[in-house]
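Report on the structure given below.
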There are 6 protein chains.
Amino acid sequence: MIEAERTPWTDVAGHLGRTDAPPASRLAVLPFGALEQHGPQLPLGTDTFQAVHVARGIALALDAVLLPAVPYGDTWNNAGYPGTVSLSASTVAAIALDIGRALAASPAPASGLVVVNGDWGNRTPLYGAVRTLLQEGFPAIALDYPGLDAAAAAVRTTQSAAPGLNHADELETSMMLAIDDTLVHPERAVAVYPSFPGDFGTTPMQLHPFSPSGVFGDPTAATAETGHRLLDATVAGSLTVLTDFLARLP
Amino acid sequence: MIEAERTPWTDVAGHLGRTDAPPASRLAVLPFGALEQHGPQLPLGTDTFQAVHVARGIALALDAVLLPAVPYGDTWNNAGYPGTVSLSASTVAAIALDIGRALAASPAPASGLVVVNGDWGNRTPLYGAVRTLLQEGFPAIALDYPGLDAAAAAVRTTQSAAPGLNHADELETSMMLAIDDTLVHPERAVAVYPSFPGDFGTTPMQLHPFSPSGVFGDPTAATAETGHRLLDATVAGSLTVLTDFLARLP
Amino acid sequence: MIEAERTPWTDVAGHLGRTDAPPASRLAVLPFGALEQHGPQLPLGTDTFQAVHVARGIALALDAVLLPAVPYGDTWNNAGYPGTVSLSASTVAAIALDIGRALAASPAPASGLVVVNGDWGNRTPLYGAVRTLLQEGFPAIALDYPGLDAAAAAVRTTQSAAPGLNHADELETSMMLAIDDTLVHPERAVAVYPSFPGDFGTTPMQLHPFSPSGVFGDPTAATAETGHRLLDATVAGSLTVLTDFLARLP
Amino acid sequence: MIEAERTPWTDVAGHLGRTDAPPASRLAVLPFGALEQHGPQLPLGTDTFQAVHVARGIALALDAVLLPAVPYGDTWNNAGYPGTVSLSASTVAAIALDIGRALAASPAPASGLVVVNGDWGNRTPLYGAVRTLLQEGFPAIALDYPGLDAAAAAVRTTQSAAPGLNHADELETSMMLAIDDTLVHPERAVAVYPSFPGDFGTTPMQLHPFSPSGVFGDPTAATAETGHRLLDATVAGSLTVLTDFLARLP
Amino acid sequence: MIEAERTPWTDVAGHLGRTDAPPASRLAVLPFGALEQHGPQLPLGTDTFQAVHVARGIALALDAVLLPAVPYGDTWNNAGYPGTVSLSASTVAAIALDIGRALAASPAPASGLVVVNGDWGNRTPLYGAVRTLLQEGFPAIALDYPGLDAAAAAVRTTQSAAPGLNHADELETSMMLAIDDTLVHPERAVAVYPSFPGDFGTTPMQLHPFSPSGVFGDPTAATAETGHRLLDATVAGSLTVLTDFLARLP
Amino acid sequence: MIEAERTPWTDVAGHLGRTDAPPASRLAVLPFGALEQHGPQLPLGTDTFQAVHVARGIALALDAVLLPAVPYGDTWNNAGYPGTVSLSASTVAAIALDIGRALAASPAPASGLVVVNGDWGNRTPLYGAVRTLLQEGFPAIALDYPGLDAAAAAVRTTQSAAPGLNHADELETSMMLAIDDTLVHPERAVAVYPSFPGDFGTTPMQLHPFSPSGVFGDPTAATAETGHRLLDATVAGSLTVLTDFLARLP
């Protein structure tokens, strides 16, 4: 594994130029995060830290190139909380598209781009960017934490605030405890289970009217052990999903 | 000083909500870097590390909010070196514009945005983004290392490869030695003084035909002490330029 | 209920101008379909016919205004079959955005826009258009057949070809039999259960390599009765989801 | 003739794949309408119904593929009447461009695209879209009812409200009587001959200040017989204009 | 009349600031031309020279502000002749839109913008730009030589090459003789009457296949006297069309 | 040298078709100006007149093709003075890009494009346009008066108002005296030396708060002789910079 930001270009060129290495080792892995509120107990960069952790695990397993994380994303629905700084959807797509095109056009092109997405709002624009890259002939894929849901069902001890909504809850707090507990304030954690209207999840809504603290669920049950199990399962799930993608690399 | 990425939103809200603090403390400081070749002796993230260092110095002096760095930029003219990953100019502008607009529209708006630019290619798009933000009524400014040139003239022991071209040379290598010498490979440093055509600097040109290693100047003369003097002068120069900008903040 | 395309403007103005009618009656309901292959047994307009049927049911229940259907959508993943004619995602979004803005700017504005989406590929662009309309202050929502999945689980007699993939199968063939059996060729129906790679559903893929006929599942089990139950459940599910949306209308 | 929306893809593929058929039979004919006020006596979809009628006549004569109509167009100048729902010019162009490109990129490409335009405001954007398709090598043409003016001069019994302005008048009311008299309310027809400023027809103007009812001319003179003669002449005129276009098809 | 390009800003400010002058004197008149082939006998700037002449006549009559001419336009259909340099339609629109917006936003705003268009291909984009300016509340109009056709019918001695096609023929050559005969090469003038396909004038076509010289019609009959009559009639026709536009100025 | 606007296309075609002429003679030289306030003593078209003068000098020296000047530019920072009419940056870029692409796509393509820029605000967009043209394979360069600064240092008798700011001062007034003294009002010239904030030159600022007259420096010292020396030096400096550019032409 090679961490691009901390490495001279000549070493990256050497890594990409090995003729005896599998195509997977020439993949570029891009963590895509956000600067988004995660309750009083978690830092604004939570999505970024988690995406970096998972991306690093994937890059390690494949001996691939880890790119520096994009620490901003489309977090429109959290814009009502101070500290959240959201990109527009088109900018998120443009970043991923530019990075993919740069990798493809380089004199030592990567074999493909794996985006590890840590923010719900990035899903739509990243999907569009990946589709464009594929149409242009460059292998790309965006992962939204495959394996996490199944693992969460097995390990979580508290309910989610709404179907598919895991935000500043037991899951995310556990993962941050596992990644870096100096960034977590467990003593501030308070469960919040808002009541939602019937079209929540169907139509776009700002989240701040539903939870003044920004917590959705019960972070008090979080443990680092739970976090490690979730993160490991996400890395493993990502590698499973990637199996056939890697097999198609030229 | 508050480092947004590592801080819960409630603390950022508290910082921004202090009624007794000067407007400068509600500034957001954004380092804008690049993933760009810097010779065999410096890491691809050199521009980002330097911008972060200077931005942190500014944020510390003003007790302001430090935003996470954008680790990609418009490095089109270095695209011929493997490992360089360039954004398009329009994407660089869109990132800065989105961030400025998000800061302005927040329920606890920052008093302004100071972009600390670490990459030559970002100058044009950042200037455009700042102009748009100003037209929209949000105080913004992009700094291209004010004070660096004057300090360099005083401390450098070797010549630049061309007027205004400081790339992977004594200056940049010195600054990286000062920031984190574990990322520098001094034993690989070799001076390169290419011969340039008469319209170099006037018309856009790719750099790789002029220096196979990516060095432009003499990095062998670099020292951490020189780096510290350059960085300190850049922080000081930035604060000087900001004086009247700060005085105009509402 | 008023069918705009077949009605003079003066009648629409009268309908929208009733001061004693509930806001829901001033909604505009827009079916959004596609021209997309649906196997040898179903017409290319299947998505449009289904969206019109559901939209009409909603408009009838609310005494609202039914808009003419958009008979094209983003069906990129079916572009490998002759006869499919796909719009780009940005065009789908632009159509919905223009229609919403026209409704909002009219001298007799609708109270809101309900988009009834009949095509999977339209989800992303319609979501973006709805978000923009909401940011502009106009009530809007896009429905992706709420209630259909639950009803399908109860009535279907054959399995889906992949999780979430219902295309030219028992469900869609049943619904078309219920809507207009003169458009269905049951004698051509043949079950197809392709084998998919592990990243199917994660990364964008063209469908034609997996099923030469365009069928995904088993259409031979389709009946009009099943279709009626699915369509009725979808109209009912839509009205349920809309309850709180309607309650928020000004 | 094959009506795409009501036909399975396999039949369309068979039609397009006939090696013994003339290129004209592989044309796609696209009616482009509008949702636009047409006085108290005609439905909002008048432009669409007329375009479909003419397009069907052309497709029948050429044994070509009839596409589903686009029931919205750029009707900016009628936006002051409730019920009108206008697209922007750029969206109209994007729809035609996307459809043309999809036809050209299909595994069984159409031989060309004939747009039958029913709405004055669509002229400009459709012309631009056609020009782009031609530059990309795909035969395309947009028809604005060739033959109609000459036929109208022969059969009309009342004057037009202004040169080139036929809106909800004898001509349009006659054509709708011929197409579907259940959609016409003759008892509401009242002649309106507004007085226009000298720059009417030169600079863009909203129409509602000039005619509160939306009628421009004298619809009371309309007859189905006149309508049939106008429509037949328009189909014939279209086929005449297409003669050399068809001869150039590859 | 004031010629902006040759005048200091203080004089323009004085002209616009007169409180006793009619609104028409605060109009800005913009000639919009093209760099387009006009046969071997006329210069590439013919459209520009003619638009300037007419615009100057209008500005003189109204004591208005004459802006410098845009000497490029959308001349796509003449791109097959060397020397033609065409803008895209979107650029033509952007120029007119920017100029109108600048006039409206100035501390001494013009009362409106009159575009005098000299190039057929500019019609569509200028119309769109004017419509946008009007929607933004700024009076604007684009003139396509009103009065020219009627005058031409009276004075021309030769036929046009096709309906509505006056290019490098008797009319244009006469007008250039009247404007500046040193730019005309009458000895090179040769009549060309191409044969056109039936869809000429309906679908966009390049002109060079129809006339190798670029002449369409008979320039040999041109006289300066004819040119003066055409130009005078165009100025007079423009002022007639403008009468009600001027009356609406605030 | 050939002046395109005043020349028939056949002569331009002949000039470009000479097989014995050097590539430099097939260059197109484009003056890019502005309509921008230049104090009470100089006309609004000052930047255009100067750019035309220098461009003509270059075209004469190379026997190249002189294109008509673009008389508008991005002069945003002078928009506070009546009479200034500014284009947006994107429009400036689009004009240069369209012109370059038209030259490259012509049946008799120019060998390259030399833009002679007369307005500070055009620098950024012209640089971007040139970069795009180069990426597309068409030789292009934008010149910002090379040689002027050195010559100015030698001949000026008064100081500049700020580093790099030469606006309606001794230099510009001298050059206009040399170009056409009938356009200059020396009796109105008054020196203005504003006091600027510390971030002037770093962040975009409107100029009118600093100088009510629009003068920045001392125009009273201007002479035609100084102007001629500056203009001659700029033409010479341009040709020097172009030497290697010309040598690379194919």
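Read-outs throughout are calculated quantities, based only on the coordinates presented, and are distinct from any laboratory measurement. Just so it is clear, the model here is predicted, and its values are computed rather than measured. Counting neighbours? That spans all protein chains shown, and the Cβs are built from the backbone with ideal geometry, glycine included.
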Out of F:Ala51, F:Ala150, F:Ala28, any idea which swings most in a Gaussian network model of chain F, alpha carbons joined below 10 Å? F:Ala150
Summing -39500 (n - 2.57) over every DSSP H run of at least 4 residues in chain C and dividing by its residue count gives a helix-only mean residue ellipticity at 222 nm, to the nearest 500 deg cm²/dmol, of -13000 deg cm²/dmol
Taking the Cα atoms of chain C, report the difference between the largest and smallest coordinate on each principal axis, in whole Å and largest first. 56, 35, 31
Can you figure out the FRET efficiency of F:Thr220 with E:Arg18, using R₀ = 22 Å and their beta-carbon distance, to the nearest 0.05? 0.15
Classify the protein assembly as shown from the C-alpha gyration tensor, please: rounded if a/c falls under 1.5, else prolate or oblate depending on whether a/b exceeds b/c. oblate
Can you check what the net charge comes to around C:Phe200, using other residues whose Cβ is under 13 Å from the Cβ of C:Phe200 (Lys, Arg +1; Asp, Glu -1)? -1
Each residue of C:9-22 has, on average, a number of other protein chain C-beta atoms within 10 Å of its C-beta equal to 4
For chain A, what is the percent of antiparallel DSSP beta bridges, rounded to the nearest 5? 25 percent
With a cap of 14 neighbouring Cβ atoms within 10 Å, and only residues DSSP puts in a loop, list the trypsin sites (Lys or Arg not before Pro) found in region B:1-56. B:Arg18
Check the axis relating chain A to chain C and name the residue of A whose C-beta is nearest, distance in whole Å. A:Thr124, 2
Kindly state, to the nearest 0.05, the FRET efficiency for B:Arg6 paired with C:Ala153, given R0 = 51 Å and r defined as their beta-carbon distance. 0.65
Virtual spin-label span in nm between C:Ala105 and E:Ala61, 7 Å along Cα→Cβ: 3.3 nm
With a/c under 1.5 counting as rounded, go ahead and sort region B:100-146 into rounded, prolate or oblate using the C-alpha gyration tensor (a ≥ b ≥ c being the square roots of the eigenvalues; past the cut-off, prolate if a/b is larger than b/c, else oblate). prolate
Please state the Cα pair-distance histogram of region B:115-250 with 10 angstrom bins from zero: what percent is in each bin? 11, 34, 33, 17, 4, 0
Taking R0 as 56 Å, what FRET efficiency do you get between C:Asp232 and B:Thr182 from their Cβ-Cβ distance, rounded to the nearest 0.05? 0.25
Listing F:Ile58, D:Ile2 by rising number of other beta-carbon atoms within 10 angstrom, fewest first, gives D:Ile2, F:Ile58
Prolate/oblate/rounded label for region F:3-81 (Cα gyration tensor, a/c 1.5): prolate
Net charge within 14 Å of B:Thr158 by Cβ-Cβ distance, Lys/Arg positive one each and Asp/Glu negative one each, not counting B:Thr158 itself? -3
Just checking the output field for B:133-144: average partner chain Cβ neighbours within 10 Å of each residue's Cβ? 2
At 7 Å along Cα-to-Cβ for each site, give me the label-to-label distance between D:Phe196 and B:Ser195 in nm. 7.2 nm
If I fit a long axis through the Cα atoms of helix B:170-179 and take the longest principal axis of the Cα atoms of chain B, what angle between them do I get, 0 to 90°, rounded to 10? 50 degrees
Roughly how big is region E:2-244's charge dipole about its Cα centre, with Cβ charges of +1 (Lys, Arg) and -1 (Asp, Glu), in debye to the nearest 20? 380 debye
Search the structure for amide H atoms under 5 Å from the amide H of F:Gln37, placed 1.01 Å from N in the peptide plane, and list their residues when 5 or more places away or on another chain. F:Thr84
Angle, helix C:46-62 long axis vs. longest principal axis of chain C, Cα atoms, 0 to 90°, nearest 10? 40 degrees
Across the residues of D:62-68, average count of Cβ atoms on other protein chains within 10 Å? 2
Helix E:89-105 vs. chain E, principal-axis angle (Cα, 0 to 90°, nearest 10): 20 degrees
At 7 angstrom along the Cα-to-beta-carbon line, where would the label on C:Gln206 sit relative to the other copies? Give the distances in nm, shortest first. 3.0, 3.0, 4.5, 4.9, 5.5
What GluC sites (Glu not before Pro) in region E:126-199 are in a loop by DSSP, with at most 12 other Cβ atoms within 10 Å of the Cβ? E:Glu136
